[in-house]
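*Asks:* Please see the structure below; I have some questions.
The values are calculated or read from the model by the stated rules, or taken from the named source; none is laboratory data. Being a predicted model, the structure only gives us computed values, none of them experimental. Virtual Cβ from ideal backbone geometry, glycine too; neighbours counted across all protein chains shown. We work out accessible area using only protein heavy atoms, side chains counted, and drop any ligands, DNA or RNA first. Shrake-Rupley method; radii C 1.70, N 1.55, O 1.52, S 1.80 Å.
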Amino acid sequence: MSQALAVGEALEEAYFGGGCFWCLEAVFQRMKGVRSVMSGYMGGHMENPSYEQVCSKTTGHAEVVRIQFQPMEISYSQLLEVFFEIHDPTTPNRQGNDVGPQYRSMIVATSSDQRGQAESAVQAISGAVTEVLGPTPLPRFWPAEPEHHDYYRRNPYQGYCAFVVAPKVIKAEQAFQALIKAPGVQ
C-alpha cells in the first residue's frame with residue numbers, strides 16, 4: 001500500500017514485531033500519516049530467510065512490519081501507542097495461540113530519538129519483555145514473500161483473519177478513532 005508523496009514530504013521508518021505480521025500490517029495500514037506498511041523479518045542470523053525457515057524457529061528472526069510514515073501527520077510516539085495497544089508486550093515469544101520466537105515483541109529503532117522513546121515506553125509497562133534494537137547496528141529488514149503482503153485486505157474471510165486479525169483491527173479503530181484514515185483512503 002502506498003500513496004503519492006507531496007513534494008518535499010519527508011518520511012520516516014519504524015519497525016515493529018508483535019506477533020503475526022498480518023495483524024500489525026492490517027492495523028497500521030489504517031492510520032493517518034502511514035504511507036506504506038510491509039511485512040518482513042528482522043533480528044536473525046540468516047540471509048534472506050523464507051517464511052518456512054522463520055517458522056522453523058531456527059533463524060532468530062521475528063515477524064515484523066516496516067512502516068513508512070509522515071511524522072507531521074502521525075508521530076512515532078503515536079505509533080508506539082498503537083503498537084502497545086494491539087499486542088501483549090508481556091508474553092515472551094508468543095501472541096495468543098501464535099507461539100515461537102518469531103512472534104516476540106520487538107521494536108527496531110532507526111534513530112537515537114526513536115530508541116529513547118521506545119525504551120521509555122517499554123519501561124512504563126510492568127512486565128514488558130519487548131526487545132529494543134537499533135539504530136546501531138540497524139538489523140537488516142527482509143521483505144516477506146508477496147503472498148504475505150496486504151494479507152488481511154486480500155483475505156478478510158480467511159479463518160485466521162476473521163478470528164484473530166479482525167478483532168485487533170476493530171480494537172485499534174475504536175481506541176484510536178482520531179488516527180484512522182477516512183474510508184476509501186489508502
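*Asks:* Cβ contacts < 9 Å: first residue under 14 Å from E12 (Cα atoms) and free of Cβ contacts under 8 Å to residues at least 40 places away in the same chain, restricted to segment 63-87; second residue hydrophobic (A, V, I, L, M, F, W, C) and open to solvent by less than 10 Å² (accessible area, probe 1.4 Å), any location; separation 6+ or different chain. Result?
*Replies:* S75/F69
*Asks:* Within segment 47-62, which residues are aliphatic (A, V, I, L, M) and either in a helix (DSSP H, G or I) or modelled with pLDDT under 95 (or both)?
*Replies:* Of everything in segment 47-62, just one residue is aliphatic (A, V, I, L, M) and either in a helix (DSSP H, G or I) or modelled with pLDDT under 95 (or both), namely V54.
*Asks:* List every residue pair whose Cβ atoms lie under 6 Å apart, where the two residues are 6 or more positions apart in sequence or sit on different chains, the first residue falls within segment 141-158 and is on the phi < 0 side of the Ramachandran plot, and the second residue, located anywhere, is open to solvent by 40 Å² or more (accessible area, probe 1.4 Å) and charged (D, E, K, R).
*Replies:* F141/R66
*Asks:* Quick check on segment 66-83. Is at least one of its residues assigned to a strand (DSSP E or B) and open to solvent by less than 30 Å² (accessible area, probe 1.4 Å)?
*Replies:* yes
*Asks:* Does M38 satisfy the criteria of being hydrophobic (A, V, I, L, M, F, W, C), outside any helix (DSSP H, G or I), within 24 Å of G116 (Cβ to Cβ) and out of contact with any Asp or Glu (no Cβ under 7 Å at 6 or more places or on another chain)?
*Replies:* Criteria not met by M38.
*Asks:* I've got another one for you. Has segment 128-138 got any residue that is open to solvent by 40 Å² or more (accessible area, probe 1.4 Å), in a helix (DSSP H, G or I) and touching a residue at least 12 places away in the same chain (Cβ under 8 Å)?
*Replies:* No, because not a single residue in segment 128-138 is open to solvent by 40 Å² or more (accessible area, probe 1.4 Å), in a helix (DSSP H, G or I) and touching a residue at least 12 places away in the same chain (Cβ under 8 Å).
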